[in-house]
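Nothing in this text is a laboratory measurement; each read-out follows from the coordinates by a stated rule. Computed from a predicted structure; not experimentally measured. As a convention, Cβ positions derive from the backbone with ideal geometry for all residues, glycine included, and neighbour counts pool all protein chains shown.
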Amino acid sequence: MAFNMDITQQGKIGTSEISAVNSYSGSMEVQINEDIAVGNDRAVSCSLDISQVQALMILADGALTLETNSSSAPTNTIAIQAGKPYLWRLADYVACLITSDVTSIFLSNAGSVSVNFKLAAILDATP
């Protein structure tokens, strides 16, 4: 079964608009949707073979710290900004912030309200 992700980007100034839709497909998908309580350092099972990732999107409605594989000695630490999606896709202009395979993620909420965290990824196990 094939899984697909469409990423739409759009910018508009007055009546001038620039937009693009890029589609990515793969043999697997990963989706996470978690509410992270105040002061919580939540471990979430997440399996990502970084060499298979075709597209990745992360979004939270509040600030969070994301750590990969360990909360005490993380492989990657990413400051997730409230309402600002992180997008990465194959052949992107910049390197992915997640630099190695992931077995779990740790989400820390130092804010004053619960935060909803979402991650969606398309992977191709048969490139």
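A cut-off of 5 Å between modelled amide H atoms, ignoring neighbours fewer than 5 places along the same chain, links Q54 with I122, L123, D124. Packing, taken as the mean count of other beta carbons within 10 Å per residue, orders the peptides 20-27, 56-63 from highest to lowest as 56-63, 20-27. Sequence-distant contacts, meaning Cα pairs under 8 Å at least 6 residues apart, place the relative contact order of the chain at 38 percent.
Please report the net charge: other residues with Cβ closer than 13 Å to the Cβ of N4, K and R +1, D and E -1. Spelling it out: positives minus negatives among the neighbours equals -2.
Listed values for the range 41-52 are Karplus-derived 3J(HN,Hα) couplings in whole Hz (6.51 cos²θ - 1.76 cosθ + 1.60, θ = phi - 60°), namely 10, 8, 8, 10, 5, 7, 10, 10, 8, 4, 6, 9, and x replaces Gly and Pro. Across the range 102-116, computed HN-Hα scalar couplings (Karplus, 6.51 cos²θ - 1.76 cosθ + 1.60, θ = phi - 60°) run 10, 10, 7, 10, 10, 10, 10, 10, 9, x, 10, 9, 4, 10, 8 Hz from first to last residue, x flagging Gly and Pro.
If Lys and Arg each add +1 and Asp and Glu each add -1, what is the summed charge of the other residues whose beta carbon sits under 14 Å from the beta carbon of D49? Local net charge: -3. Taking amide H as placed 1.01 Å from N in the peptide plane, the amide H of G62 sits under 5 Å from that of G83, N116, each at least 5 places away or on another chain.
Annotation: amide H of D101 within the under-5 Å range of I50, sequence separation 5 or more or interchain, hydrogens built in the peptide plane. Projection of the Cα convex hull of the chain, averaged over all directions and equal to a quarter of that hull's surface, yields 8.9 nm².
Here the Karplus curve 6.51 cos²θ - 1.76 cosθ + 1.60, taken at θ = phi - 60°, turns the phi angles of the range 78-83 into couplings of 10, 7, 8, 8, 4, x Hz, with x standing for Gly and Pro.
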